[in-house]
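Participant: Could you have a look at this structure, given as structure tokens, before my questions?
Values in this text are rule-based calculations from the coordinates and carry no lab data. The model shown is predicted, which means the values in this text are computed figures rather than measured ones. Here the Cβ positions follow ideal geometry from the backbone for every residue, glycine too, while neighbour counts run over all protein chains shown.
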Amino acid sequence: MIFHGNRIKLKDGISAEAAHEALALLRTAGEEIPAVLSFVVGTDIGADYDFGAVFVLADLDGYWEYLTHPAHSAAERGGLPMMEKFEAFDVTDDPDPEFGAKVADLQRRHVETDPVLAELMAALPTNLGSSRVQ
């Protein structure tokens, strides 16, 4: 089981309406991507982030399906330009010692196969965690 999380701090001046639309895209991703077993999208409490989302996936095949699904792409394209800081993280009970490297490879492939996403990720002022492609 994989809990894939996203933490988001918006740029100054982003309207509440624009933030609401971006969060709606994340909810749509949770609803439409078959690999997502459950999800939550809402306010991030306890850190220097505004919003967060967690998507529960069964395995790395599901993770790849999530990353490459059109609803996820729509959320990336709609949300990334509004972000001051973005952090992705993954929590798993998978005992594979190579799990982190496998997630990094999926994230790298995802960005490399989508030039628009690569530009959006490169433009992020701060990008931390498992989605940061080095």
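Participant: Considering segment 109-134 alone, what residues qualify as being of a type in the set (D, E, K, R) and within 15 Å of residue 61 (Cα to Cα)?
Facilitator: 109 - this is the single residue of segment 109-134 that is of a type in the set (D, E, K, R) and within 15 Å of residue 61 (Cα to Cα).
Participant: Here's a follow-up. Which residue, of 41, 54, 111, is closer than 19 Å to residue 126 by Cα, β-branched (Val, Ile, Thr) and within 13 Å of the chain's Cα centre (by Cα)?
Facilitator: Step by step, each of 41, 54, 111 is checked, and only 111 is closer than 19 Å to residue 126 by Cα, β-branched (Val, Ile, Thr) and within 13 Å of the chain's Cα centre (by Cα).
Participant: Could I ask something else about it? What residue, of 129, 62, 52, 78, is touching a residue at least 24 places away in the same chain (Cβ under 8 Å), out of contact with any Cys (no Cβ under 9 Å at 6 or more places or on another chain) and on the phi > 0 side of the Ramachandran plot?
Facilitator: Matching residue, one of 129, 62, 52, 78: 129.
Participant: Does residue 88 satisfy the condition of being in contact with a strand residue (DSSP E or B) (Cβ under 8 Å, 6 or more places away or on another chain) and in a loop (DSSP other than H, G, I, E, B)?
Facilitator: The answer is no for residue 88.
Participant: Could you check segment 68-91 and list, in sequence order, the residues that are under 15 Å from residue 111 (Cβ atoms), surrounded by fewer than 19 Cβ atoms within 10 Å (Cβ to Cβ) and among the charged types (D, E, K, R)?
Facilitator: Listed by number, the list holds a single entry, 77.
Participant: For segment 41-53, which positions are among the hydrophobic types (A, V, I, L, M, F, W, C) and buried (at least 18 other Cβ atoms within 10 Å of the Cβ)?
Facilitator: 41, 51, 53
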